[in-house]
Amino acid sequence: MFVCSCVYPSPSRSSRKPSIICSYKAAPGDITQKGYEKKRGKLLAPYIPQIQGVDPSLQVDHRIQASSQAAPPTSKHNKPRAANSRDERFRSDLHTEAVQAALAKYKERKMPMPSKRRSVLVQSSVEACTPPDTSSASEDEGSLRRQGRMATSSPYQPHPTVEHWFNRVIQGSSTSSSASSTSSHPGGRSHSANATSGSAATVLADLMAHTQLDNHCAPPDVTGLSERSLHAERPQVASVRGLPRGYTHTSSTMETADGVPVNSRVSSKIQQLLNTLKRPKRPPLREFFVDDFEELLDVQQPDPNQPKPEGVQMSPLHGDPLGVVTNWPPSLLASLQRWGTAQPKSPCLTALDNAGKPVYTLTYGKLWTRSQKLKLAYTLLNKLSSRNEPLLRPGDRVALVFPNNDPVMFMVAFYGCLLAELVPVPIEVPLTRKDAGSQQIGFLLGSCGVTLALTTDACQKGLPKAQTGEVATFKGWPRLLWFVTDGKHVVKPPKDWSPPIRDASNETAYIEYKTSKEGSTMGITVSHAAMLAHCHALTQACGYTEGETITNVLDFKRDAGLWHGDVMMFQSVMNRMHVISIPYSLMKVNPLSWIQKVHSYKARVAVVKSRDMHWSLLSQKDQRDISLSSLRMLIVADGANPWSISSCDAFLNVFQARGLRPEVICPCASSAEAMTVAIRRPPEMGVPPPGKAVLSMSCLSYGVIRVDTEEKLSVLTLQDVGQVMPGALVCVVRPEGTPYLCRTDEVGEICVSSCTTGISYYGLPGMTKNVFETIPVTASGSPVSDRPFTRSSLLGFIGPVSLYLPVSELELERREGRNRNTDRFVCSRIAVFSVCVLHDERIVVVAEQRPDASEEDSFQWMSRVLQAIDSIHQVGVYCLALVPANTLPKAPLGGIHISETKQRFLEGALHPCNVLMCPHTCVTNLPKPRQKQPEVGPASMIVGNLVAGKRIAQACGRDVAQLEDNDQARKVHFLYMQDVLQWRAQATPDHPLFLLLNAKGTVASTASCVQLHKRAERVAVALMERGRLNTGDHVALVYPPGTDLIATFYGCLYAGCVPVTVRPPHPQNLATTLPTVKMIVEVSKSVCILTTQAIMKLLRSKEAAAAVDVKTWPMVLDTDDLPRKKLPQIYKPPTPEMLAYLDFSVSTTGILAGVKMSHAATSALCRSIKLQCELYPSRQIAICLDPYCGLGFALWCLCSVYSGHQSILVPPLELESNVSLWLSAVSQFKVRVTFCSYSVMEMCTKGLGSQTEALRLRNVNLSCVRTCMVVAEERPRIALTQSFSKIFKDLGLSPRAVSTTFGCRVNVAICLQGTAGPDPTTVYVDMRALRHDRVRLVERGSPHSLPLMESGKILPGVKVIIANPETKGPLGDSHLGEIWVSSPHNATGYYTVYGEEALHADHFCTKLSFGDTQTVWARTGYLGFLRRTELTDASGERHDALYVVGSLDETLELRGMRYHPIDIETSVIRAHKSIAECAVFTWTNLLVVVVELEGSEQEALDLVALVTNVVLEEHFLIVGVVVVVDPGVIPINSRGEKQRMHLRDGFLADQLDPIYVAYNM
């Protein structure tokens, strides 16, 4: 009989079932196909001619005769998914040769090694280490990649017809469950142009239901049908894309996919048609984008040449009948009483110390007297009480916590609990609060209701203590009362007291814990009857006799050490045997100690594991006078492990000369659930000789038995584990699904029906029924027996006379890794386990690296291991990690704690020193890359939206002309900002406009209208007299945030110059910041620089000379001490379209771009902001923004002058020394409207999150805030805004107050919440649909849901439309496209020194290709969508919400899909607590993830696997490079946006100083 130690699902069980072929037939109640077509054509005929403007010659009729007898080809998406299925290329000999060739090539060429900061190797440049050009897609991805932007909607034929759209509506078909998804429209052969419209509509619907998608294209979803109805009655095997049968809709209003009711006569008629017709059933369309992950992921085709079982169905195997023993005691306790009174001086148990000397011999009389009759049982029942109530009652569970070197006290406590009718739960001694698996043990104790723990005095003193001196409470453990069994509290009972001795029953005797493969701990209950029957079966199977001596090396608290062959606990008591217990601590010091005790005590039986035999071989040379001739049984408790045969053979070869007989070695198979399943009988019992089997490992991976030859590396040699236990019935069933009996040449799970097995998992009735009450069935479905079977968690098969248990694939790799590599420089101990990534099991190998191994040696060793596993086992390793020596969690009796190692790996707490990820080779179920199809024409899009009843996605703010404005500035109709300032200086000279705060919160400077006017005049005079500038010259303003910047700006306008605001260089970082200043000055063609004296000195300093050429600066003027001169005349521009100022900023893609703002656009911008925020001279607003570009500049320098309100200026740089400055200013001045950036909000959230109580004591109150707007040019960060609102809610901040704005280069203010209108709305979209440029609205909490918040309200005078970025056609409501804007305050164009603005002319001046072709729009470069909500805006109309998804320039084109970096980065940040920030970009078709590590550097390599896992799971992408860097390395601009392209340049130039760089091979 062959068995493995734990059950693993067959690697490809699910992939080897026959494929399912589905064919639909019309039900008896259905109309016929012909009748359906006729009725539909008749109903549609009146409506088709209503659509005008379509050339009839473009109409196409496709006719395909559908055969009802021919079954359609089965879609691969509908086939069962393979668990570990592999492509043929991974199994062929060619692949083996390819691996050999790759390794040979590796020796010749330097492959990219993981680089560490402290590496002894010289780091080469990144270019020299460029990995092979492999992407996260398949081999043909390169041909699918496009350089341009992808379209918003899916492709279609060049000449669509009206009938196409009607047929889409009739079918109710949708390629995805997306509200704006594109439907599958296959093409076909052309037909006569004279075909009638009705027949065209009819045939096209049939064609679309039959044709596959592979060679055709797909138009957008214009059906308008709610996907909720499509999912209501979806079949299990395949989906009919249409409305479910019986669907009714009584309302005359049709609802579109976004939930907006639409009144349309055509739409209601089509809806009526859908409600009345019953379509004949059709096979499902082949689609790429589907929602179920089983269909989304690519399914590997099963190997047609894979082996299949060919034998007949097996028959259950009966063990020998249990013999009848006349003097057999009625229970184990009765046997103890008999030997304790009849043979009180017979030795029962001998304990040894760490030197191998006997320290105590427990006799049967002492065992009976000490543990039961006189002391422990009486104390437990009568002397332990709480509040005059007994602490324990019969049936309560008690924990036994005893060290492995004290079997005597454990034995006393165990039998004391049995006699007191308590249920012992033996567990390991917790040495620390973080022992491996300790928390799971605590869960078990809590579920069992354990309140008392028994231990020894020495053990209790060694337990971790709390500050009170009591035993500490371990993580996850219940509160326990600790009782010392050898202390003074154990009292003598009265002479007339005796414990009850009852016959064996089915009540629980003890609970043994078991740790599953996933690491969870379960308690297995064993009854008194099972204990007695097990002892009876083992006595008969092993031929035990009274007085025999047993040497035991196993743990006496569980598994075979508690109840198996030597079992000192049961067998010794039943048969009056003497057990010599060898502690684990002695085995570590002297591995030969058990052999010495066999020799000295003339032991007849020894119980060991193959590990003990292996250890003894290493030290046997020092021992000469040893004889094992007394042994009649050497029981190998882990004989089910395949590697035990090598230990047995090696041990026999060495010790056969010392009296060991070959037939003495008796391997056995056991599990916690079934207890002993099989054992090889001793030679005197007349059993057949032991057998071996040489099996093909490749066939075993399919669960099939095929005999092979030993010469090959890919074979597995097994030994039998003997015969079935007496009284047992054994069969082999399929491990998954219904327990069908296996064939004779098929590997399955061993099931046992016997009275000797466990009875349940404690507290887990569902799992108990599945494991302990299994009913195996034959192929016909009839049960094998009326007796329930217990699953043993062992894989195996039944040989001619014995039971064989082969190993599964994962265990096999553990064997290969250990046996082949222990003599290498790296691998001292190895753990192999699997983790589930992307709905499949992935192999992880973790090994301990020796201290003297170098990085290069380790990397080469890992490469060789990968080659060996790949060539021998034909399976890819997902992750290979090396950890420092002696850091893997240890099991109580040595070895590696596998489940704890796996848990640490998944939690990022393993701390490896080398990691090699190989996802490209083993992740074979990625979805196929999306193929780009021809685009749908814009005219077809409009027709489709019209048919669906959807409006064009267009919205506008309030009409400026109709708004009343009582401001005097508007009445005099000032078009120039300099005129407004001059007028305010005359009308309200002392009105305060600006108030600047410093870090201490005090006023640093102020500026009233007349003060600002006079300072601007002095600047203008200086420009004309000292600078001798001409009208139209460009002037760079290099000032820190303050009123000087504002005054010089207006001074330039007074002088007719064009100001360019530039952020001053940082004195401590001139090398990085000064070149940017120099570049802006040069690109803007500035002829003069205005600045302060301090900055002027800095620009000409020696430090500056090291960064730039200081001799090439233009004229530099300081404005600190200007003479008081009055300007003769303020410059009047001849036309409002003249240039007012240049707005320069660095985009997130790393491009320095300056836009031109005219005087008309500047005044229109100020007017829109004033109307939106209701800004008047009596108002105060607080601004915590950088004043150098975009909306921050406009709010800082322009709006106060135009509207007359007072602006409280808070420079963001001051928050670094006083993080509460902004919020304190808002509270102090009782500001209603305030503006900030994401970086400011994040600084407040992190810096003040724990200080809200201190702020309240300082009287900081934010209840005055009506609107707090975050100025941004990106998708709103919902998590940050919600955190900010939640943290400062205690200070009175209303959660409705926080909102965002949206602007970009072409228009700095498109959306702004303002003070009027509905609150910002939030929708949830499917992230997977966004990758396909679609919007699918889902419910909150749905899988893959992504929250999107509205980016404020559209400003007055602003028009927005959503257009296809490629076809430039308008899109429908809730469709994803590029945001286009038309507004009086649009910028007029880019300003660059190289004249490249011609390349971007369409950014500022473009027109739609269809529909409204007259309006001039500006392209924002951002993807988004409009959605009409149920809310009402200020004008009484339904509110149109604009949702920004992301920048087109930043999107990543991977696998034919569009990914937004922020989505991947959000997933990565969630992967580990130590990831402070993350940024992603692409490099040579590889996805590069840069993470900032906020923790110790030993955690750096933990992040590699976690980052790879989360990106695979959530985005179906393989990470090519993982770069771990220090905090602050990822560049952030003033708005808090990541500069990913700067980061990419730094990575390619090797300037990041990374902690670790991992190349996922």
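The values are calculated or read from the model by the stated rules, or taken from the named source; none is laboratory data. Values in this document were obtained by computation on a predicted structure and should not be read as measured data. Cβ: placed from backbone, ideal geometry, glycine included. Neighbour counts: every protein chain shown. Side chains are part of the model used for accessible areas, which takes the heavy atoms of the whole protein and leaves out ligands, DNA and RNA. Shrake-Rupley method; radii C 1.70, N 1.55, O 1.52, S 1.80 Å.
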Quiz prompt | Sequence-distant residues sharing a close amide H with residue 1116 (under 5 Å, placed H) | solution = 1089
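Quick one: which of 341-354, 976-989, 868-881, 1363-1376 comes out on top by average Cβ neighbours within 10 Å, and what's the full order, highest first?
1363-1376, 868-881, 976-989, 341-354
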Exercise. Sticking with the crude label model, points 7 Å out along Cα→Cβ, report the distance from residue 502 to residue 867 in nm, one decimal please.
Key: 6.7 nm
Practice problem: Please work out the C-alpha center-to-center distance from region 674-725 to region 1265-1341 and express it in whole Å. | Solution: 65 Å
Quiz item: Accessible area of residue 1122, 1.4 Å probe, to the nearest 10 Å²?
Solution: 30 Å²
Quiz prompt | Theoretical FRET efficiency, 1/(1+(r/R0)^6), r = Cβ-Cβ of residue 694 and residue 1105, R0 56 Å, to 0.05 | solution = 0.10
Exercise. Rank these residues by their accessible area, most exposed first, probe 1.4 Å: 1280, 367, 713.
Key: 713, 1280, 367
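Quick check: residue separation of residue 343 and residue 1132 times 0.36 nm, minus the Cα distance between them. What number comes out in nm?
Values: separation 789, 0.36 × 789 = 284.04 nm, distance 12.21 nm.
Once the chain is fully extended between residue 343 and residue 1132, it gains 271.8 nm.
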Quiz prompt | residue 658 accessible area, assembled protein chains, probe 1.4 Å, Å² | solution = 50 Å²
Quiz item: Say each of residue 545 and residue 1093 gets a label point 7 Å from the Cα, pointing the same way as Cα to Cβ; how far apart are those two points in nm?
Solution: 11.3 nm
Self-check item: Per-residue ³J(HN,Hα) for region 685-699, Karplus 6.51 cos²θ - 1.76 cosθ + 1.60, θ = phi - 60°, Hz, x for Gly and Pro
Solution: 8, x, 9, x, x, x, x, 10, 9, 10, 10, 6, 6, 5, 6
Practice problem: Please work out how much accessible surface residue 1553 shows to a 1.4 Å probe, ignoring ligands, DNA and RNA, in Å² rounded to 10. | Solution: 90 Å²
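Based on the Cβ-Cβ distance from residue 457 to residue 1498, what FRET efficiency comes out when R0 is 35 Å, to the nearest 0.05? Walk me through the numbers before you get to the answer.
Values: r = 39 Å, r/R0 = 1.11.
The pair residue 457/residue 1498 has a calculated efficiency of 0.35.
Assuming R0 = 35 Å, can you tell me the calculated FRET efficiency for the pair residue 986 and residue 1407, based on Cβ-Cβ distance, to the nearest 0.05?
Details: r = 44 Å, r/R0 = 1.25.
Efficiency for this residue pair is about 0.20.
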Quiz item: Kirkwood Rh over Cα pairs of region 1326-1419 into Stokes-Einstein at 10 °C, 1.306 mPa s: D in µm²/s?
Solution: 103 µm²/s
Quiz item: Along the Cα-to-Cβ line of residue 361, 7 Å from the Cα, sits a label point; which residues in region 580-618 have backbone N less than 12 Å from it?
Solution: 580, 601
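Going down the table (1289/1538; 1078/1353; 492/557; 1097/1230; 609/902), which pairs top 32 Å between alpha carbons?
On the way: 1289/1538 28 Å; 1078/1353 37 Å; 492/557 27 Å; 1097/1230 40 Å; 609/902 24 Å.
The pairs that break the limit, which is 32 Å between Cα atoms, are 1078/1353; 1097/1230.
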Self-check item: Other-chain or far-sequence residues with amide H under 5 Å of residue 1439's (modelled H)
Solution: 1429, 1431, 1432, 1433
Quiz prompt | Burial ranking of peptide ranges 1305-1316, 1409-1420, 1213-1224 (average Cβ count within 10 Å, highest at the top) | solution = 1305-1316, 1213-1224, 1409-1420
Exercise. Could you list which residues have their amide H under 5 Å from that of residue 1004, counting only those 5 or more apart in sequence or on another chain, with H placed in the peptide plane?
Key: 996, 997, 998
Quiz item: How much length, in nm to one decimal, is gained on full extension between residue 956 and residue 320, taken as 0.36 nm per residue of separation minus their Cα-Cα distance?
Solution: 220.1 nm
Quiz item: Counting only protein chains, not ligands or nucleic acids, how are 1066, 1332 ordered by accessible area (probe 1.4 Å), most first?
Solution: 1066, 1332
Quiz item: Stretch residue 909-residue 711 to full length: gain in nm at 0.36 nm per residue minus the Cα-Cα span?
Solution: 67.1 nm
Practice problem: On a C-alpha basis, how far is the centre of region 836-862 from the centre of region 539-559 in Å? Whole number, if you could? | Solution: 40 Å
Quiz prompt | Estimated translational D of region 423-532 in µm²/s (Stokes, Kirkwood radius over Cα pairs; 10 °C; 1.306 mPa s) | solution = 99 µm²/s
Quiz prompt | Heavy-atom accessible area order for 707, 607, largest first, 1.4 Å probe | solution = 707, 607
